[in-house]
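Here is the structure we will look at.
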Amino acid sequence: NLKRGLINTIIEARREGFIDAEVHVDICDADGSFKPVQRNDLSTFCVDQHGDRIEDFVVSNDSSQATTMNCKCARARKLLKENNYKDIPECCANGNYKKLACRRGFCYCIDVDGKQVSVEVIDIHKKKLSCYGTSDECNCE
């Protein structure tokens with residue numbers, strides 16, 4: 001595999017001290033598209049299926065959000081914006097869905113995939129939802 005050989009060459013060159021710069025190694029899915037979560041020496045970030053970064057969804061590699069990063073919200077957000085949808089989800093810095101979502105005056109809890117997992121309540125009653133005010137608002141568990 002040519003790509004694997006190139007990656008090994010880069011890793012070996014860094015180990016030998018020939019490369020002293022930030023190196024980004026692309027990671028792909030089985031279908032050849034880019035995996036949503038990519039990493040370089042300094043940060044972990046979200047990309048679309050073509051490998052283009054999605055907005056500013058990036059966290060430091062040593063951040064707790066980097067280990068649970070899935071970029072599902074970031075990718076959904078990008079697709080919805082490209083198709084001119086008005087209801088665009090708010091994402092955490094790492095591209096994950098927030099546990100609490102609100103739109104058109106109603107709020108509800110969502111899971112890591114962005115699926116609704118509670119009843120909808122009027123915005124002024126969102127404090128009654130189990131996901132409101134949780135210490136982990138970014139589905140990072």
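The values are calculated or read from the model by the stated rules, or taken from the named source; none is laboratory data. Predicted model, so just to flag it, every value in this text is computed and none were measured. As a convention, Cβ positions derive from the backbone with ideal geometry for all residues, glycine included, and neighbour counts pool all protein chains shown. These accessible areas exclude ligands, DNA and RNA; they are computed on the full protein's heavy atoms, side chains included. Shrake-Rupley method; radii C 1.70, N 1.55, O 1.52, S 1.80 Å.
Please work out which residue is farthest from residue 92 (Cα to Cα), limiting yourself to region 47-69 and to residues that are part of a strand (DSSP E or B) and among the charged types (D, E, K, R).
Taking region 47-69 and keeping what is part of a strand (DSSP E or B), we get 47, 53-60.
Restricting the remaining residues to those that are among the charged types (D, E, K, R) gives 53, 55-56.
Values: 53: 15, 55: 12, 56: 10 Å.
Among those that are part of a strand (DSSP E or B) and among the charged types (D, E, K, R), it is 53.
Yes or no, residue by residue, for (1) free of Cβ contacts under 8 Å to residues at least 24 places away in the same chain; (2) under 18 Å from the mean Cα position of the chain (by Cα):
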| position | (1), (2) |
| --- | --- |
| 65 | no, yes |
| 76 | no, yes |
| 101 | yes, yes |
| 105 | yes, no |
| 115 | yes, yes |
| 127 | yes, no |
Among the residues of region 36-46, which ones are more than 8 Å from the chain's Cα centre (by Cα) and in a strand (DSSP E or B)?
38, 39, 40, 43, 44
Checking 125, 50 in turn, the sole residue that is open to solvent by 50 Å² or more (accessible area, probe 1.4 Å) and within 23 Å of residue 28 (Cα to Cα) turns out to be 50
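Looking at residue 17, is it over 16 Å from the mean Cα position of the chain (by Cα), modelled with pLDDT under 95, of a type outside the set (A, V, I, L, M, F, W, C) and surrounded by fewer than 16 Cβ atoms within 10 Å (Cβ to Cβ)? Full working, then the answer.
Working: over 16 Å from the mean Cα position of the chain (by Cα): yes; modelled with pLDDT under 95: yes; of a type outside the set (A, V, I, L, M, F, W, C): yes; surrounded by fewer than 16 Cβ atoms within 10 Å (Cβ to Cβ): yes.
Judged against the criteria, residue 17 is a match.
Determine whether residue 61 is open to solvent by less than 60 Å² (accessible area, probe 1.4 Å) and not basic (Lys, Arg).
On the way: open to solvent by less than 60 Å² (accessible area, probe 1.4 Å): yes; not basic (Lys, Arg): yes.
So residue 61 fits the description; yes.
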Please go through region 22-47 and give me each residue that is among the β-branched types (Val, Ile, Thr) and exposed (fewer than 13 other Cβ atoms within 10 Å of the Cβ), ordered by number.
none
Residues of region 76-122 satisfying the condition of being out of contact with any strand residue (DSSP E or B) (no Cβ under 7 Å at 6 or more places or on another chain), surrounded by 15 or more Cβ atoms within 10 Å (Cβ to Cβ) and part of a helix (DSSP H, G or I)
76
